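Taken together, the values in this text are just the output of simple stated rules run on the coordinates, not laboratory data. Not measured: the values here are computed from a predicted model. Here the Cβ positions follow ideal geometry from the backbone for every residue, glycine too, while neighbour counts run over all protein chains shown.
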Amino acid sequence: MSDIAKLQIGDKSYELPLIKGTENEVAIDIKSLRGSTNGIITLDPGFKNTGSCESAITFLDGEKGILRYRGYPIEQLAENASFLEVSYALIFGDLPTKEQLDKFHADIKEMSVVDDDVKKILDAFPKSAHPMGILSSLTSALTAFNPSSVNTDSEEQVYKAVVKIMGKFPVLVAYTMRKKLGLPLNYGSTSLGYVDNMLKMMFEKPNEDYSINPVIKNALDKLLILHADHEQNCSTSTVRIAGSSHVGLFASLSTGISALWGPLHGGANQAVLEMLEAIKEDGGDTKKYMAKAKDKSDPFRLMGFGHRVYKNFDPRAKIIKKAADEVLTQLGVEDPILEIAKGLEKEALSDPYFVERKLYPNVDFYSGIIYRAMGIPVEMFTVMFALGRLPGWIAQWKEMRSRKEPIGRPRQIYIGENERPFVTIDKR
Ligand code: ACO
């Protein structure tokens, strides 16, 4: 293939370079387009065909159902690695040695205390507040308690910011859940592993010893790994764009949390469970809901189905479906909702509407069933997603800053009124 694309506009032709990634993905480099064509731009709402950056973090092939972090296949990571190892690999490029991992964990623990005044902000929220709103606000509020800006040219300062947020974020997550449940705040113990301590911080009751159930711990480790990064999705792009204005890491992360909250993105895991509950309450008639999903006059969508990039299967959904079966069996939980989910999946996979549109279960379709079996409230599901996505957001922010990417500022095609004179209010 030539490494030049030719563009013909009217009688003029332009040459645009082609850029090839390490997995042979090809892009037309349009950086010079507007300048050389005297103002012509490309238009691509939703960025369905537009790459926003070159990135060395995550590779995914939606047609083949491939997902790799830093080159490591997601299946191997989910089977063998811990969330902290995966976090390190995403942020720093390679899986850590034992010494690197121990140091990373020790530094995170060192930074995990959150200023006690943050509790005052937490207290001001009503109990009815959605945990994602609380988490986004508290993450943003951390900037007030850690005001010095990070010099992104200093590896040491960036490392410090990374371990700070890796330490404090799980505390904020636990705060939001305990607020919801009316439980006193709990720091857990630094003698525990990263994920073990998350569980203790979230679940320990003030009057009971908390012992970690290995089934729950392993399931959480796996879920966090599967959610840890997904290249330029909505929340990650939000983090990169916000960070491109050189606002700090914590403020950039808080914009990602807000973007993740929406039901078309991370909020789908809550929406899936609510949908499955509604189907159960309605007598378990999956056919009725399949018909609603296909009816274009009905806004209902089958939540947990479809993906912008995966058009064959979502490799994360495969792993999670298996894990849901295992976790429920090991915990001795019988959840009728799992059967409804499997029924819906079976129907959708043989229904021409879903087959033609290449709609498959995504990562969120089965994750809520596991979270529920773990005792996590439904409103916390998207917070759990954010906990998993944290290292991905950090890695993407760090990469964007180290590559000195320009401020993200898309163009538009204006379709409003042409110039018209101001009319005083009595004449309108
Ligand atoms: N149920 C019913 N129909 C659907 C669904 C669905 N879940 N998803 C897509 N479709 C249909 C659309 O109506 C459209 O039909 P048309 O061609 O007849 O107009 C076609 O499939 C293509 O859908 P788009 O919305 O154009 O696809 P897009 O790539 O923009 O959206 C998205 C992807 C947002 C994930 C979509 O599939 C969706 O809304 N799914 C449900 C929400 C969900 O599960 N989100 C989580 C995604 S994973 C994540 O963010 C972690």
The value for the range 88-159 (convex hull of the alpha-carbon atoms, volume per residue, Å³) is 125
Please report, in Å, the Rg and the Dmax of the chain, where both are computed over Cα atoms only. 23.4, 79
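Work out the FRET efficiency for LEU183 and GLU277 from their Cβ-Cβ distance, taking R0 = 25 Å, and round it to the nearest 0.05.
So the FRET efficiency works out to roughly 0.55.
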Using a Förster distance of 25 angstrom, determine the FRET efficiency expected from the C-beta separation of GLN76 and ASN312, and round it to 0.05. 0.80
Percent RCO, i.e. relative contact order, over the chain, from Cα pairs under 8 Å lying at least 6 residues apart: 20
What net charge do the residues around ASP61 carry, taking every other residue with its C-beta under 13 Å from that of ASP61, with Lys and Arg at +1 and Asp and Glu at -1? -2
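Based on the inverse mean of 1/r over its pairs of different Cα atoms, what is the Kirkwood hydrodynamic radius of the range 179-239, in Å? Can you show the working numbers first?
Working: mean 1/r = 0.0738 Å⁻¹.
It is 13.6 Å.
If you rank PHE250, PHE92 by fewest surrounding Cβ atoms within 10 Å, what's the result? Don't jump to the answer; show the numbers that get you there.
On the way: PHE250 22, PHE92 17.
By the 10 Å Cβ count, ascending: PHE92, PHE250.
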Sequence-distant or interchain residues sharing an amide H contact under 5 Å with ILE66, placed H: which? ASP61
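Could you tell me which of the pairs LYS103/LYS318; LYS222/LYS288; LYS48/LYS358; LYS321/LYS358; LYS322/LYS342 are separated by over 23 angstrom between their Cα atoms in the structure shown?
Numbers: LYS103/LYS318 33 Å; LYS222/LYS288 33 Å; LYS48/LYS358 16 Å; LYS321/LYS358 19 Å; LYS322/LYS342 11 Å.
In this structure, LYS103/LYS318; LYS222/LYS288 lie more than 23 Å apart at Cα.
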Modelling each spin label as a point 7 Å along the Cα-to-Cβ direction, I'd like the GLU419/LEU43 distance in nm, to one decimal. 2.3
For n ≥ 4 DSSP H runs only, could you compute -39500 (n - 2.57) per run for the chain, divide by its residues and tell me the 222 nm figure to the nearest 500? -16000 deg cm²/dmol
Phi angles of the range 252-262, converted by Karplus (6.51 cos²θ - 1.76 cosθ + 1.60, θ = phi - 60°) into ³J(HN,Hα) in whole Hz with x for Gly and Pro, give 5, 5, 5, 5, x, 4, 4, 5, 5, 4, x
Two pseudo-spin positions, 7 Å from Cα along C-beta at ARG411 and at ASP115, lie apart in nanometres by 4.3
Which ordering of ASP314, ASP123 is given by a fewest-first count of other beta-carbon atoms within 10 Å? ASP123, ASP314
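Given a Förster radius of 60 Å and the C-beta distance between GLU54 and GLU208 as r, what FRET efficiency does 1/(1 + (r/R0)^6) yield to the nearest 0.05? It would help to have the intermediate numbers written out before the result.
Values: r = 51 Å, r/R0 = 0.85.
In this case the efficiency is close to 0.75.
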How would you order 157-165, 194-202, 365-373 from highest to lowest mean count of nearby Cβ atoms within 10 Å? 365-373, 194-202, 157-165
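What full-extension length gain, to one decimal in nm, is calculated for HIS246 and ASP285 as 0.36 nm per residue of separation minus the Cα-Cα distance? Mind showing how you got there, number by number?
Numbers: separation 39, 0.36 × 39 = 14.04 nm, distance 5.09 nm.
Full-extension gain reported as 9.0 nm.
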Order 301-309, 34-42 from most to least packed using the mean count of other Cβ atoms within 10 Å. 301-309, 34-42
Based on C-alpha coordinates, I'd like the Rg and Dmax of the range 1-147, in Å. 23.0, 67
Can you give the Rg and Dmax of the range 271-428 based on its C-alpha atoms, in angstrom? 21.9, 74
